[in-house]
Structure formats: C-alpha cells, structure tokens
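Worksheet for the structure shown next.
The values are calculated or read from the model by the stated rules, or taken from the named source; none is laboratory data. It should be emphasised that the depicted structure is a prediction, and the values quoted were computed from it without experimental measurement. Every residue, glycine among them, receives a Cβ derived from its backbone with ideal geometry; neighbour counts consider all protein chains shown.
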Amino acid sequence: MEFILSGFQKGITLIFSGNAEIFAIARLSLTVSVLATAAAVFVGVPLGGWIAVKKFPLKKLLIALVNTGMGLPPVVAGLVVMLFLSRSGPLGFLNWLYTPMGMIIAQIIIALPIITALSVSAMQSVDPRFYQQVLTLGASDWQAIKVCLKEIRLTVLAAVIAGFGRLVAEVGAVMIVGGNIRHQTRVLTTATVMETQMGNFDTAIALGLILLTLSFAVNMALTLIQQKKA
Amino acid sequence: MIKLSNLRLDFDTGFKLSVDSLNIRGGEVFAIIGPNGAGKTTLLNAMALLRKPASGTLEIMGCDALAPANKMFLRRAMSVVFSQPYLTNDTVYNNVALPLKLRGLKDGAAVEEALELFKISHLKGRNAKTLSQGESHRAALARAFAIRPKLLLLDEPFASLDERVKDTIARDLRKVITVYNAAVVFVTQDQGGALTLCDKLAVLMNGKIMQQGLPQDIFVRPVSREVADFVGVETILPGKVASRRDNLCAVETGGKTLMVVSDCGPGDSVFVCVRPEDVSVSLSADAGGRRNNFKSRVVSAAPWGLEYKVELDCGFTLRAAVTKQLVDGLGIKPGAEVYASFKATALHLIRRA
C-alpha cells in the first residue's frame, strides 16, 4: 500500500519538477493523436455523411464493415502498418517506420472507422426529407451533406471526442510502429508500459497522471465547444 | 413550363403512379388535389427531381428534366416548400440566404425583400428553431422566394397551420405569386385552400389523374362519382333519365323526379350531383322559380364551420349547407318539416356504366 502512495507523491513531484524529457514525451503524444484525429475527421466525417445519404449496392455491407472497424484491435492496425512500412514492404521507401509519421498513419487507421461509423449513424438521424429540402434549395450532393452535417455538429463533435479519446490512450499500434525509441517515438502510453515493466512505478504514475490530465483537458475543451453551440 | 406525358413511378409496395398528360403553363397556379395516398407528393417529388420516374417524359422550362446534365440547372431555377418548413439551426436571415449561398451568390437585397414580402423582417436575427409554426412557414416561403424562382412547388404548404394563420399566409402568398409571376404547382388535400389559390386544378386519385381543368368546372361538373365525392358534392343519387325536352332532363331517383339541365339522353343511367350550398331550405312551399322543390323532414343538423350541415329526408337523402341564422329562424331541428329546393341548372349528371 505504501509504495502506491509514495509512487503518487513522487509522480506528482516529477510533474512539477518540470522534467524536460517527460514534457517532450507528452508533447509528442498530443501531436501524434491530434494530427491523426484531425486527418480522420477530415476524411471520415464527409465520408460518413456520404455513406448515410447515398443509395448504392452493398451499402449495408459497407456500413457493417465500418462498424467492425470500430473494434479494430490497435495491435492489428499497428502490425499491418508496420508490415507496409518495413524496409521490404510496399511503402518501405517512405522510411516512416519508427517515426512519428508512421505512428500517425497507424492511428488514422484506428480512428477512421470510429469517426466514419459515428458520422454515418449521426447523419442517418437526419430526417431524409430535410436532406431533400436542402437539395431543392439548389444544393449539390456535397453541399447538402455539408448543410446536414452542420445541423448535427454536436453529434459529429461527439464522434471527434470518441476518436481522440481512443487514440491518445492507445498503446499497441504506436508501440509496434513507433518502437518506443527514446527522444524520437516515445509517447506517454509506451513510456508508461516500459517504466512499469522496469519497476519504476513513480515515473509510470507520473506519466499516467499526465496522460489523464491531457485527455481531460482536450475533452474539456471539445465539450465546452460542443455545449456552447448547443 | 412543365409538361409531362406517360409518366410512371413504381413503388416496392405495388403502388403505381401513372400520369398520361399534364401541362402547366408559366404564371399559372396549378393545384393537384386528391385524398391521402393518391400519389400527390410522389408526383411533386418527380417534378422537384427528387424521384426518378420509371418511364415517361418530363419537360421543365423547355429542358428534358430527366437528363442528368440538366438536373442542377433546373433545380436551381425552382424552389420547393414542404408541409414542414425544415429550417436549419441558424438565424432566420441565414436560412433565407441559404439558397443564394448554395448558388455562390450574395444578395442581401434579395434576402431583405423576401423577408419583407412575408412580413418577417423583424425576426431576421432570431434563431429559426425558436419561431412559431406560422413564422416558420413564413420563413420557409421567404427562403423559397429569395432566389426569385421561375417555378415554385408546394407540398401541403399549410397542412399543419390553423385556419386564421393559413388564411393570412395564403393571402400573402397569392400577392407574392402575382409580383414574381412564377409558375406554381401545389398539392393539397384541402380543397377549400386549393380553390382560393389556384387557376387550374387536377384531381389525383389512386395514382391517376381523374380530371383536370378550371376549378369551378371540376367542383360543379365532376366526371365521376369518386371525384364528385372528393370535391364536396354531398348528395350523389343513382337515377335514370326518364325523358328530355330541349336540354331539360327528368331524372327518376328513389321514386321522385328531379329536373336537371344536361345533355344526357332518355334511358341513360346517371348519378345526380347536388352541392350542399345549392340547396335552399324554407318553410313555405313557394320555390321561387326553382324547378326542384321537395317537402322534406329534417334528419339531423350539425354545425360545420360557420354554417350548419343539414340532412334532409325527401324520399331520398339530401344534404344542405344552411346558415346559422336560418337554422335558428326556421327552427330547423330533427323531425321538423321544411321545403328543400334547388335549380335545374345547379345539378349535374354523371353517366354511369
């Protein structure tokens, strides 16, 4: 019991000591997950809107596949991205393996189905006659999707929150693709795993606390935006 | 403006809409009336290019409206207003400006003018979701007119409004239509509303157009029993033409003889149509020159808007619309004896097979 308490004490001291390495790790965590979320939103939200309003063959199959993708195990995503980026893989020439860029790619693959699937279901909650009304106002298909998405922006923002939450807490894919290289690809989750395995519980607790704080701060910001618009 | 021929739309449910021919001219207010499930909205959606017909031709403003290449152009020449206003979660001003924005236009004057026409300028800063029903409908109409459409399609535009709001909006709409000289097509099951707004009328039933033409023709001279029933002919009596002199026919029905001006010939099986507002009810036997006069007994009298609907038994069942003053003055109540009279020219005969 005592080692837990002292772990917390030391962890908090470590945070306030302004340890440069820990803050660099936190910054990289945030950068990777924010960029991956942004990219997944940029593609997934319009894609989800399009899937929801368009009629095409095998639409239900596609939605089922996207929904399955929501539960994609990060280690599987990491493995696939690693194989593609490895020296002998088809994308090996990019030299992205064990770089933050590779980690972002892996995280986009994890977040894309989540944000797309949640956008599909958000868009399907829009009355089809509302969509038709927007079309009759002179909108092209994409313009009408945009107007509808703006209408359900709160739900879309919830999809963004869900996607970011998943990414910032994710460890499997960034571990495989990033490799947890000190000063290069070490992020909060991979560092926490490592420190725990090494028995450095106070550092692990400090990292965990920072991760929680970061996650809370970003979600608080998104929630404030969401509730302000309500 | 709109020409359709042999248009067919099929549904999974087995319902079929098939319109042989419909021609709507520019500057004309054309109403399509019919009961629930007749296919009115489907027909309107086809004109709004929201639903692709299975076969047939549809021409709007001289263009083949079924050609994908013309779709955006035609869609941007018209406005559609549904029974629900479907406003976005934004200010009234931005709602009215939306169709302009979607066309890449910025025309503050057009927005202000549309707001002004429908008397909602004072609401322009309000969020559209906070409007009353009547205000929302005004906003939807203003939005439809902001682009000065050449063609306006209205689907039950006033269905959810109460009578008073409906009347004032319909009056404003009539004015705006005159100002812009747009062709207007609207579908409704409210035949009263149709009469106050339209120049031409078509009756749609079971996916088919039963009759089209001037509203007074359709209301007074329906072509079939179903149309007669729908347009408010409340007395429809099966009978047989016994004789004819010039164009005055004597029609036997339920043991009585009615005199009707018609071109039907002796021996024809017919339905006699009597509109309730053409029946005069009085206590005296003097029919004042009306050729049909029957002593009858009041079966029931029920208030209907500002009037009363009175059911009379004169050997056959006759329904009459009577003002409240007359109901009070004549002491019309079940069991009372009155005289019911109507002109030979007010009646209409439908040949039946």
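Considering only residues in segment B:179-199 that are surrounded by fewer than 19 Cβ atoms within 10 Å (Cβ to Cβ) and at pLDDT 80 or above, the one that is nearest to residue B:154 (Cα to Cα) turns out to be B:189. Screening segment B:45-74 for residues that are away from chain A (no Cβ under 12 Å) and assigned to a loop (DSSP other than H, G, I, E, B) and picking the one that is surrounded by the most Cβ atoms within 10 Å (Cβ to Cβ) gives B:65. Of all residues in segment B:138-157, exactly one satisfies the criterion of being farther than 15 Å from residue A:138 by Cβ, out of contact with any Phe, Trp or Tyr (no Cβ under 7 Å at 6 or more places or on another chain) and buried (at least 24 other Cβ atoms within 10 Å of the Cβ), namely B:139. Kindly evaluate residue B:77 against the criterion of being under 30 Å from the mean Cα position of the chain (by Cα), small (Gly, Ala, Ser), assigned by TED's automatic domain parsing to the domain that holds residue B:27 and crowded, with 21+ Cβ neighbours inside 10 Å. So residue B:77 fails the test.
Taking the criterion of being surrounded by fewer than 20 Cβ atoms within 10 Å (Cβ to Cβ) and of a type in the set (A, V, I, L, M, F, W, C), the residues of segment A:189-218 that qualify are A:193, A:194, A:198, A:201, A:209, A:212, A:214, A:216, A:217, A:218. Taking segment B:145-189 as the range and being acidic (Asp, Glu) and closer than 22 Å to residue B:97 by Cα as the test, the residues that pass are B:155, B:172.
Among the residues of segment A:189-210, are any under 21 Å from residue A:81 (Cβ atoms), in contact with a helix residue (DSSP H, G or I) (Cβ under 6 Å, 6 or more places away or on another chain) and of a type in the set (A, V, I, L, M, F, W, C)?
Looking for residues that are under 21 Å from residue A:81 (Cβ atoms), in contact with a helix residue (DSSP H, G or I) (Cβ under 6 Å, 6 or more places away or on another chain) and of a type in the set (A, V, I, L, M, F, W, C), one finds at least one in segment A:189-210, hence yes.
Counting residues that are among the polar types (S, T, N, Q), which helices (runs of 4 or more DSSP H) fully inside segment A:142-230 reach at least 3?
Where helices (runs of 4 or more DSSP H) fall fully within segment A:142-230 and carry at least 3 residues being among the polar types (S, T, N, Q), they are A:188-197, A:201-229.
Taking segment B:302-353 as the range and being part of a loop (DSSP other than H, G, I, E, B) and of a type outside the set (A, V, I, L, M, F, W, C) as the test, the residues that pass are B:305, B:315, B:331, B:333, B:334, B:335, B:343, B:345, B:352. Scan segment A:122-168 residue by residue and report those that are polar (S, T, N, Q) and more than 13 Å from chain B (Cβ to nearest Cβ). Correct list: A:124, A:125.
Return yes or no: is residue B:128 aliphatic (A, V, I, L, M), more than 14 Å from chain A (Cβ to nearest Cβ) and over 20 Å from residue B:75 (Cβ atoms)? No.
On inspection, residue B:29 passes the criterion of being modelled with pLDDT under 90, crowded, with 21+ Cβ neighbours inside 10 Å and closer than 30 Å to residue B:128 by Cβ. Note on segment A:98-141: residues that are more than 24 Å from residue A:161 (Cα to Cα), assigned to a helix (DSSP H, G or I) and among the β-branched types (Val, Ile, Thr) amount to 2. None of B:54, B:67, B:128 is among the aliphatic types (A, V, I, L, M), under 16 Å from residue A:130 (Cβ atoms) and assigned by TED's automatic domain parsing to the domain that holds residue B:181 except B:128.
The number of residues in segment B:85-104 that are more than 7 Å from chain A (Cβ to nearest Cβ), within 20 Å of residue A:126 (Cα to Cα) and assigned to a loop (DSSP other than H, G, I, E, B) comes to 3. What number of residues in segment B:152-174 are among the polar types (S, T, N, Q) and either under 15 Å from the mean Cα position of the chain (by Cα) or modelled with pLDDT under 80 (or both)? Qualifying residue count for the region: 1. No other residue among B:311, B:234 is within 30 Å of residue B:34 (Cα to Cα), of a type outside the set (Val, Ile, Thr), modelled with pLDDT of 90 or more and in contact with a Pro (Cβ under 8 Å, 6 or more places away or on another chain) apart from B:234.
Scanning segment B:249-281 for residues that are surrounded by fewer than 16 Cβ atoms within 10 Å (Cβ to Cβ), over 20 Å from residue B:225 (Cβ atoms) and touching a residue at least 40 places away in the same chain (Cβ under 8 Å) gives a single hit, B:255.
Could you please let me know if residue B:230 is buried (at least 17 other Cβ atoms within 10 Å of the Cβ), more than 25 Å from residue B:151 (Cβ to Cβ) and among the hydrophobic types (A, V, I, L, M, F, W, C)? When the stated conditions are applied, residue B:230 passes them.
The single residue among B:195, B:153 that is among the hydrophobic types (A, V, I, L, M, F, W, C) and in a strand (DSSP E or B) turns out to be B:153.
Being over 20 Å from residue A:134 (Cβ atoms), β-branched (Val, Ile, Thr) and outside any helix (DSSP H, G or I) is true for just one of B:203, B:179. Which residue is that?
B:203
Inspect segment B:229-244 for any residue being out of contact with any helix residue (DSSP H, G or I) (no Cβ under 9 Å at 6 or more places or on another chain) and β-branched (Val, Ile, Thr) and give the result as yes or no. Looking for residues that are out of contact with any helix residue (DSSP H, G or I) (no Cβ under 9 Å at 6 or more places or on another chain) and β-branched (Val, Ile, Thr), one finds at least one in segment B:229-244, hence yes. Applying the condition of being over 14 Å from residue B:343 (Cα atoms) and among the aromatic types (Phe, Trp, Tyr) to segment B:271-305 and asking which residue is nearest to the chain's Cα centre (by Cα) yields B:304.
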